[in-house]
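Take a look at the structure below.
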Amino acid sequence: MGLLDPIPAPYEPLGWLRKPLDERGRMVCEAWAMQGYGTPPGVFVFYLLKLCLYVGAWIFFCSRSPSLGGVATLGTWALQPLAFQKAIVWSLLFEVLGLGCGSGPLSGRYLPPVGGFLYFLRPRTTKLPLFPGLPLIGAPTRSLLDVGLYLALLVVAVRALLAPELHGAHLAPIVALVAALGVLDKTLFLAARAEHYWVTLLCVVATPHWIAGAKAVQLALWFWAGFSKLNHHFPTVVCVMTSNGPFTRFPWLRRRMYRDYPRDLRPSTLATALAHAGTAMELGVPVAFLLTPLGTPPVVAVLMMFALHGYITSHVPMGVPIEWNFMVVYGGLALFWAHPEVSLLSLGATPIAALLAVTLVALPIAGNLWPGRVSFLLAMRYYAGNWAWSVWLFRGESYRKLARLTTSSGWVYDQLARFYDRPTAVGLVGKVMGFRMMHLHGRALPLLVPKAVDALEDYEWLDGEIVAGLALGWNFGEGHLHQEQLLAAIQAQCGFEEGELRCVFVESQPMGGTTLSYRVVDAASGQRAAGELPVEELRSRQPWETCAPTP
């Protein structure tokens, strides 16, 4: 197998397209269980090189500060406050350029492998304003104002990174521009990983006790990520990750992730136990760091942190938040290991403390209780498997109308045609159906797709993540980016006829709730169906079942 050759699907892909939905689902889920996405080896090289760029550029920017240094003296300055500040600024810039989360083939990007600046610097690209319809700021396509402010953000971020020292005059413009761009386009605010990097920079600008504020952000990232996994969704995430990991390609291990491969692809006892252990670890890391000042050796928290993020990173999960995981680990060292004496209480009753209470406590609580109203990123519900998602169904060749959009990447099969023949491309994209169905929420698909279309064989199936990548320039598991607001923006530009584009939108399960809400929407005529699906019933089903649940 060559560096760019994927693992072939264990079925004939073009014949698979003609199968009924339940048969297609069974075949692709069985394939995912043993092959994962079938990622070509060269793809992992791409992500490794990107990681080297991320770390190497940070070292370069730090070398511009006389108080820091270069590679030769890395051990003496790497955990200095200024080095941490530059890491935060560089990470934010890296993400808004489109180089971080949601880049490359594991996010459905093939050629070009990144979005970000290729979209955000182009007028007339599609966007999702916070206040649709308002003059100047509410248009569904990017204006010169949008482009100008984004370019200004890039300029002030590079200026800060090249500065010998960082002051409020360097960082305040970054904070202001990210906020302004978030009003103009929600996509950009999320792409900046604002819940982490923007809030941390806000602490640096607003208080001399910014290390305490940054610690609060870091603790919230771990706590809410762990809290969000207290559900029945996360064990399916463990199965999907293990079946796709580059270092877990052992058939015996992948089989053991499921109850009875290939007949029963629900999570096994082992997968469920691993999920519980991971949740405990994610909740345990912030607790261990909080207990360090009370006598717990700091090495305990650090070892737990390395184990947690090492496990995640080694699996190279879809969406590839590799650099973000590195930054979280680095932040743990630079904040807690290097400054154990700094207490969260040093913030006192200040405006920044009140703001952190909103962003780090109130927003995550609201996002768990009412997930349809808060992005899973702002709620810090990372990789819990309990996400909003969508599937877009294009009748015949109606997808060609998407060419009316201003984008820098084409239809996903047109991108893949540069590398592979049609069967190979169908085999790759088809695996995304398996990825979606293998999660607990994806078991709703066999029940909902028939509500959307009568004859699936007449439609091109595309996951909403890939649509968002094409239309918005960024995608990272945020299903709210490819729901009704995006559909309306695309319809206004492409003009689909009745029946040419049907979408299935499914929301997350609320904390304490027992159902998933869904909508079936036609691009031209609007909503066709809506309702609730009991999660307990989905748990009893195989991913592909359309009829009675498995006993």
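Values in this text are rule-based calculations from the coordinates and carry no lab data. In this text the structure is predicted, and so the values were computed from the model without any measurement. Methodologically, a virtual Cβ is constructed for each residue, glycine included, from the backbone with ideal geometry; neighbour enumeration extends over all protein chains shown.
Over 16 Å, how big is the tail of the calculated P(r) for region 221-335, in percent of all Cα pairs? Could you put the intermediate results ahead of the total?
Working: 4119 of 6555 pairs.
Here the long-distance tail beyond 16 Å is 63 percent of all Cα pairs in region 221-335.
How far apart, in nanometres, would the label points at residue 299 and residue 498 be if each is projected 7 angstrom from Cα along the Cα-to-Cβ direction?
It is 7.2 nm.
How far apart, in nanometres, would the label points at residue 530 and residue 419 be if each is projected 7 angstrom from Cα along the Cα-to-Cβ direction?
The two pseudo-label positions are separated by 4.0 nm.
Where does the charge balance sit around residue 372 when Lys and Arg score +1, Asp and Glu -1, over other residues with C-beta under 12 Å from its C-beta?
Its environment carries a net charge of 0.
How long is the chain along each principal axis, judged by its Cα atoms, biggest number first, in Å?
Extents along the principal axes, in whole Å: 64, 53, 48.
Amide H neighbours of residue 406 under 5 Å, counting only residues 5+ apart in sequence or on other chains, H built in-plane at 1.01 Å?
126
Quick one: 196, 339, fewest Cβ neighbours within 10 Å first, how do they rank?
339, 196
To test your reading of the geometry: what angle, between 0 and 90 degrees and rounded to tens, separates the Cα axis of helix 322-331 from the longest principal axis of the chain?
It is inclined by approximately 30 degrees.
Using the Cα gyration tensor of region 389-539, with a ≥ b ≥ c the square roots of its eigenvalues, what is the shape: rounded (a/c below 1.5), prolate (a/b larger than b/c) or oblate (neither)?
Prolate shape, in that a/c is at least 1.5 and a/b is the bigger ratio.
Once amide H atoms are placed 1.01 Å from N in the peptide plane, what residues at a sequence separation of 5 or more from residue 259, or on another chain, have their amide H within under 5 Å of its amide H?
So residue 259 has HN proximity to 266, 268.
Length gain on complete extension for the stretch residue 252 to residue 276, per 0.36 nm per residue less the alpha carbon to alpha carbon distance?
6.5 nm
Once the Cβ-Cβ distance between residue 373 and residue 176 is put in as r, and R0 is 30 Å, what FRET efficiency do you end up with, to the nearest 0.05?
Working: r = 25 Å, r/R0 = 0.84.
Plugging the Cβ-Cβ distance into 1/(1 + (r/R0)^6) gives 0.75.
Take every Cα pair under 8 Å in the chain that's 6+ residues apart, average their separations, divide by the length, and report that relative contact order as a whole percent.
Relative contact order of the chain: 20 percent.
Please say if region 132-260 is rounded, prolate or oblate, where rounded means a/c under 1.5 for a ≥ b ≥ c the square roots of the C-alpha gyration tensor eigenvalues, and otherwise the choice is prolate for a/b larger than b/c and oblate otherwise?
Taking the square roots of the gyration eigenvalues as a ≥ b ≥ c, region 132-260 is prolate.
Can you work out the FRET efficiency for the pair residue 458 and residue 333, with r the C-beta to C-beta distance and R0 = 56 Å, to the nearest 0.05?
0.55
Given H placed on each backbone N at 1.01 Å, which residues far from residue 460 in sequence or on other chains put an amide H within less than 5 Å of it?
When sequence neighbours closer than 5 places are left aside, the close amide H contacts are 394, 395, 396.
Once the piece of chain linking residue 264 and residue 311 is laid out straight, how much longer is it, given 0.36 nm per residue of separation minus the C-alpha distance between them?
Length gained between residue 264 and residue 311: 14.3 nm.
7 Å from Cα along Cα→Cβ at both residue 57 and residue 154: what's the point-to-point distance in nm?
Those two pseudo-labels are separated by 1.1 nm.
What angle, in degrees between 0 and 90 and rounded to the nearest 10, separates the Cα long axis of helix 144-162 from the longest principal axis of the Cα atoms of the chain?
It is inclined by approximately 50 degrees.
Indicate the gyration tensor shape class of region 76-140 (rounded, prolate or oblate), computed on the Cα atoms with a ≥ b ≥ c the square roots of the eigenvalues: a/c under 1.5 is rounded; otherwise a/b larger than b/c is prolate and the rest oblate.
Working: a/c = 3.43, a/b = 1.56, b/c = 2.20.
In terms of gyration-tensor shape, oblate.
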